[in-house]
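Undergrad: Please find one structure pasted underneath; my questions will follow.
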Amino acid sequence: MQNRDPAEVPGGYDVAVIGAGVVGCALARAFTLAGAKVVVLEKAVDVLDGASKANSAILHTGFDAPEGSLELACIREGYALYHEVRDRLGLPLVRAGAMVLAWTEEEVAGLPALMEQAMANGVTDIHPVSGAEARALEPELSARVLAGFRVPGEHLVDPWSAAHGYLLQALANGAVLLRQAEVLGGRRSGGEWQLATTAGTVTAGLVINAAGLWGDEVDRRVTGESWFTIKPRKGQFVVYDKTAAALAGHILLPVPTKITKGIVVCRTAFGNLLVGPTAEEQEDREHAAVDRDTLQALMRRGTEILPALAGHEVTAVYAGLRPGTEEKHYRIRADLAPGYICVGGIRSTGLSAALGIAAHVLRLAGRGERPLSDPVWPRMPNISVDGTRDWQCPGHGGILCHCELVTRREVEAALSGPMPAGSLAGLKRRTRVTMGRCQGFYCSAELARLTEGRLTQPMLEPRHD
Amino acid sequence: MTDAEVIVIGSGPAGLGAATELARHGQRVTVLEREAEAGGIPRHCGHYPFGMREFRRLLRGPDYAARLRDAAVAAGVTIRTRTSVTALLPGGQIEVTDDTGPATLSARAVLLATGVRETSRAARLIGGEKPGGVMSTGALQGLVYLNGQRPFRRPVILGSELVAFSALLTCRHAGIRPLAMIEPAARITARSPAAWLARLMGVPVRLETDIAAIHGRTRVEGVTLVTGGRRVEMPTDGVIVSGGFRPDAALLRGSHLEVDPASGGPVIDRWGRLSDPAYFAAGNLLRGVETAGWCWSEGRRTARAILAALAGELPATGGGRLVLSHPALRLAVPQILGPAGGACPHDRLQVRLDVPAKGRLCLVRDGRTIAAARLDGLPERRLSLPLPADPGAGALSLTIEERA
């Protein structure tokens with residue numbers, strides 16, 4: 001663990017980022033590369049443990065984002081920046097393209113307005129398709145499809161490697177990550193914040209709240225009040241076996257409603273097929289449960305879109321929480337307190353927009369640090385279908401997780417280095433171990449041996465006997 | 001030059017049984033095993049009874065697996081562990097990877113013996129959260145028997161197939177005291193001697209009950225049980241999701257070989273041959289779970305069919321394709337029924353049900369019953385029908401004449 005006593009840092013940090021979700025990771029990278037001394041405070045045992053642990057892993061163009069919104073601007077900039085940095089950071093991109101599909105006459109009637117919005121949003125390479133053209137492009141599509149339009153720029157990404165890559169680059173260039181460091185309170189004096197955390201007191205000139213599902217609570221703890229309320233919105237997903245991935249090349253999107261983008265059917269960067277998410281309001285910010293009736297409804301919806309899906313096995317199910325608020329837009333403000341920026345309400349587009357949000361916040365902060373002239377660019381190991389996998393290279397030590405072809409060398413690497421996994425969930429996000437068909441039937445025992453004493457939150461309770 | 005006359009994929013009882021038989025008949029045999037040690041699932045079944053059919057002795061699983069390995073090595077079989085097969089190609093070429101990286105191997109015949117796994121919690125759509133402490137029997141046995149670990153103290157066991165009682169024995173070995181066995185059906189799936197074990201260990205069996213949700217963020221804290229629409233919360237620290245065995249057919253599904261949607265395993269003929277006659281299959285990959293002894297025997301008999309194939313003595317592929325014509329039928333193996341011959345490993349049709357059924361199991365060709373047997377069966381129970389030497393050409397169907 002790289003946790004060190006924060007008091008060791010003389011003079012404190014320039015910037016403290018609260019929360020190591022995808023937005024916090026991108027902020028840490030942006031400020032570090034701009035020359036700031038950054039600390040990231042994460043309350044969990046590992047990064048990406050809140051809203052960022054579950055998403056649909058699509059890199060959005062912003063074609064359907066609210067016109068003229070900050071969200072749209074951040075998605076557009078984030079999308080461009082992802083393309084700019086992904087080669088150097090080793091981040092995957094599966095160029096799938098999307099089709100927005102209409103299944104009722106009412107939805108058909110809604111298509112022109114959506115296409116106009118896409119054009120207005122700067123996504124100009126869209127083009128309409130008839131039902132027959134959609135089926136020519138995707139032969140497994142149900143014959144019930146009436147019409148739609150293509151959005152060639154929508155792509156698939158690894159839901160976690162991007163955030164890991166952003167934070168790793170920050171760490172490689174001098175940032176510090178403190179885990180199990182929950183922010184308890186804040187006090188500003190002499191132009192600096194003193195943050196009381198469960199890992200000690202941290203001093204920083206600028207505090208950025210990227211606490212996701214706890215954004216309003218962190219506002220209150222640091223500044224004494226919050227200007228918004230988090231309204232968690234749960235999304236449930238069904239992941240089908242890799243045998244189903246051949247059923248759809250494009251990301252198949254519904255015509256969105258005012259409330260949600262709707263249920264998507266798409267491949268994943270790991271070669272599975274995903275159906276989801278739902279959009280369910282709930283109070284609870286910690287617990288995201290799946291339920292059988294909803295999962296079955298998702299499976300029915302998936303089968304309506306791709307009838308051949310009925311013959312395929314389910315590999316995994318999961319649920320995530322979006323940090324929505326009482327309003328439908330990003331809640332980013334720099335005027336709540338001196339040296340304090342709140343980056344809240346990054347509801348469902350955080351993965352696509354993260355780099356854009358970070359660039360925006362860097363401009364908001366308007367600080368005069370000198371950008372690093374020759375920053376280090378660490379490369380993320382590839383675990384997606386976009387590129388060579390470790391098992392294809394000599395010296396991998398044999399395959400540990402047979403379903404996902406995860407090697408012993410990959411697991412070893414994820415347990416060491418500057419940002420080792422802190423929990424089995426963290427190890428899964430880094431390597432995909434146990435995330436395949438058998439869900440740990442074959443490899444649990446060896447994984448338990450390999451990880452013993454090396455995870456902050458162990459796979460099994462420590463031995464008592 | 002081939003890398004071996006025969007490559008066997010998987011080193012459980014079926015794979016090692018077949019490899020040993022082939023080597024004893026002078027064939028160059030290589031067994032590929034992806035785990036660190038050969039022996040398959042019995043390696044982590046630290047309880048009795050194994051080995052009666054094969055060694056005429058009562059053995060624990062790990063000792064039985066060791067004997068299978070020793071017999072194979074003594075017969076001259078080459079076993080390569082930590083070697084994963086990544087693709088099956090036409091004509092008996094396979095792609096593998098091990099620590100030295102990827103390679104392509106070829107053989108005159110390839111036997112698939114990749115076995116089974118239990119249906120995961122996810123595939124059963126059990127609701128709730130995903131805390132640690134939810135696992136299959138296979139994973140539990142690995143932790144207990146291979147690692148000497150105890151993942152929980154008072155878990156519940158979902159399922160009542162034979163393997164659920166194996167889970168009970170595993171728990172007893174580790175000092176784990178299950179709170180209850182939960183079975184969605186109206187009766188215990190396994191035969192009665194196993195059922196007494198639960199009573200003996202003081203573990204209540206809750207029939208017509210299902211787990212609706214699992215609670216806990218990092219560790220299991222409880223489950224919600226549903227019985228006839230009534231929900232009950234039960235505090236517990238673990239869930240063993242047992243049974244629901246399905247063929248581990250990932251390689252097959254990614255290949256050119258034909259898969260039977262009913263069994264989830266390969267389509268085979270009476271010689272255990274697949275749609276590409278360079279490939280054979282035996283063991284639990286064919287149908288879901290059977291005993292180790294059954295798989296070993298099936299492996300040995302399939303080895304003799306491979307010997308005949310290598311000697312050019314097998315008839316050409318072909319024969320009637322079996323159709324399942326009753327909703328209670330889940331699967332029947334083999335799926336292609338040509339005329340039988342001397343070394344034919346499948347002289348019986350192996351059948352499994354989806355729901356309990358009584359009556360007569362009938363093999364029908366052109367409206368005429370050509371083989372029949374009494375049926376009084378439950379899902380997951382072993383059922384079979386002796387096959388006629390020559391079922392004849394034409395469409396064959398398997399059905400059940402129900403008895404009131």
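Values in this text are rule-based calculations from the coordinates and carry no lab data. Predicted model, so just to flag it, every value in this text is computed and none were measured. Neighbour counts run over all protein chains shown; Cβ positions are idealised from the backbone, glycine included.
Undergrad: Please list the non-local residues whose amide H lies under 5 Å from the amide H of residue B:220, H modeled 1.01 Å from N, same-chain partners needing a gap of 5 or more.
TA: Result for residue B:220 returns B:132.
Undergrad: Students often check this: by mean Cβ neighbours within 10 Å, which of A:382-393, A:197-208, B:221-232 ranks highest, and how do the rest follow?
TA: A:197-208, A:382-393, B:221-232
Undergrad: Assuming 1.567 mPa s and 4 °C, estimate D for segment A:260-357 with Stokes-Einstein, Rh taken as the Kirkwood radius over Cα pairs, in µm²/s.
TA: 81 µm²/s
Undergrad: Here is a further query. For segment A:171-242, with equal point scatterers placed on the C-alpha atoms only and solvent neglected, what are the log10 I(q)/I(0) values from the Debye formula at q = 0.11, 0.15 1/Å, to two decimals?
TA: Cα-only, vacuum Debye calculation for segment A:171-242: -0.40, -0.63.
Undergrad: Still on this model: Which length gain, in nm to one decimal place, applies between residue B:321 and residue B:87 when the Cα-Cα distance is subtracted from 0.36 nm times their residue separation?
TA: 81.6 nm
Undergrad: Can you compute the equivalent ellipsoid semi-axes for segment B:127-241, i.e. the square root of 5 times each eigenvalue of the Cα gyration tensor, sorted largest first and rounded to whole Å?
TA: Output for segment B:127-241: semi-axes of 20, 19, 10 Å.
Undergrad: Using r as the Cβ-Cβ distance of residue B:355 and residue B:52, and R0 as 25 Å, what FRET efficiency do you calculate, to the nearest 0.05?
TA: 0.20
Undergrad: Mind checking the angle between helix B:292-310 and chain B's longest principal axis? C-alpha axes, 0 to 90 degrees, to the nearest 10.
TA: Tilt relative to chain B: about 20 degrees.
Undergrad: Next question, about the same structure. Project the alpha carbons of segment B:16-94 onto their principal axes and report the range along each, largest first, in whole Å.
TA: 41, 27, 17
Undergrad: Got a sec to turn the phi values of segment B:172-186 into Karplus ³J(HN,Hα) couplings, 6.51 cos²θ - 1.76 cosθ + 1.60 with θ = phi - 60°, whole Hz, x for Gly and Pro?
TA: 4, 4, 8, x, 9, 10, x, 7, 6, 9, 10, 10, x, 7, 7
Undergrad: Compute the orientation-averaged projected area for segment A:62-171 from the convex hull of its Cα atoms and round it to one decimal in nm².
TA: One quarter of the hull surface, i.e. the mean projection, equals 8.0 nm².
Undergrad: Averaged across the residues of A:398-405, what count of C-beta atoms belonging to other chains lies within 10 Å of each residue's C-beta?
TA: What the average comes to for A:398-405 is 5.
Undergrad: Continuing with the same structure: For segment A:390-451, what number results from the quotient of the Cα radius of gyration and 2.2 N^0.38 Å?
TA: The value comes to 1.01.
Undergrad: If you don't mind, another one. Average partner chain C-beta neighbours within 10 Å, per residue of A:387-395?
TA: Other-chain Cβ atoms within 10 Å of each residue's Cβ, averaged: 3.
Undergrad: Between segment A:30-77 and segment B:15-32, what's the alpha-carbon centroid distance in Å?
TA: First find each Cα centre; the distance between them is then 56 Å.
Undergrad: On to the next question. In angstroms, what radius of gyration and Dmax does chain A have, counting Cα atoms only?
TA: Answer for chain A, Rg first and Dmax second: 22.0, 68 Å.
Undergrad: Apply the Karplus curve 6.51 cos²θ - 1.76 cosθ + 1.60, θ = phi - 60°, to the phi angles in segment B:63-74 and return the couplings in whole Hz, x for Gly and Pro.
TA: 5, 4, 4, 5, 5, 4, 4, 4, 4, 5, 5, 4
Undergrad: Something else about it: According to a simple spin-label model (label point 7 Å from Cα along Cα-to-Cβ), what is the distance in nm between residue A:132 and residue A:280?
TA: Label-label distance for residue A:280 and residue A:132, simple model: 4.2 nm.
Undergrad: Cα centroids of segment A:202-248 and segment B:122-192: how far apart, whole angstrom?
TA: A separation of 35 Å, based on Cα centres.
Undergrad: Here's something else I'd like to know. Assuming R0 = 51 Å, can you tell me the calculated FRET efficiency for the pair residue B:78 and residue A:293, based on Cβ-Cβ distance, to the nearest 0.05?
TA: 0.45
Undergrad: Cross-link candidates for residue A:43: which lysines have Cα within less than 22 Å, leaving aside residues fewer than 8 places away along the same chain?
TA: Straight-line reach from residue A:43, under 22 Å: A:53, A:231, A:234, A:428, B:130.
Undergrad: Is there a simple number for the mean count of other chain Cβ atoms within 10 Å of the Cβ of residues in A:283-292, and what is it?
TA: Per-residue shielding by partner chains comes out at 4.
Undergrad: So, one more: Note the full-extension length gain between residue B:103 and residue B:70 as 0.36 nm times their separation in residues minus their Cα-Cα distance, in nm to one decimal.
TA: 9.2 nm
Undergrad: Using Stokes-Einstein with the Kirkwood hydrodynamic radius over Cα pairs, what translational diffusion coefficient do you get for chain B at 10 °C and a viscosity of 1.306 mPa s, in µm²/s rounded to a whole number?
TA: D = 72 µm²/s.
Undergrad: Specify, per residue and in Å³, the volume enclosed by the convex hull of the alpha carbon atoms belonging to segment B:318-404.
TA: Normalising the Cα hull of segment B:318-404 by residue number yields 83 Å³.
Undergrad: To the nearest Å, what is the center-to-center distance of segment B:303-317 and segment A:271-321, using C-alpha atoms only?
TA: 47 Å
Undergrad: In addition: Fewest Cβ neighbours within 10 Å first, please rank B:117, A:88, B:150, B:24 accordingly.
TA: In order of increasing Cβ crowding within 10 Å: A:88, B:24, B:150, B:117.
Undergrad: Further question on the same structure: How long are the semi-axes of the equivalent ellipsoid of the protein assembly as shown, taking √(5λ) for every eigenvalue λ of the Cα gyration tensor, in whole Å from largest down?
TA: Square roots of five times the eigenvalues give 51, 30, 27 Å.
Undergrad: Separate question: Based on the Cβ-Cβ distance of residue A:187 and residue A:228, what FRET efficiency does E = 1/(1 + (r/R0)^6) give at R0 = 35 Å, to the nearest 0.05?
TA: Approximately 0.95, to the nearest 0.05.
Undergrad: Residue-wise, which Karplus ³J(HN,Hα) couplings in Hz belong to segment B:270-287, taking 6.51 cos²θ - 1.76 cosθ + 1.60, θ = phi - 60°, and x for glycine or proline?
TA: These are the phi-based 3J(HN,Hα) values: 6, 9, x, 8, 8, 5, 9, x, 6, 10, 10, 9, 8, x, 5, 4, 6, 7 Hz.
Undergrad: Which peptide among B:379-390, B:282-293, B:88-99, B:326-337 comes first, and what is the full order, when sorted by highest mean count of other Cβ atoms within 10 Å?
TA: The peptides rank, most packed first, as B:282-293, B:326-337, B:88-99, B:379-390.
Undergrad: Mind checking which helices in chain A clear 18 Å along their axis (Cα) and have mean Kyte-Doolittle hydropathy of 0.0 or more, DSSP H runs only?
TA: TM-like helix candidates: A:105-120, A:350-365.
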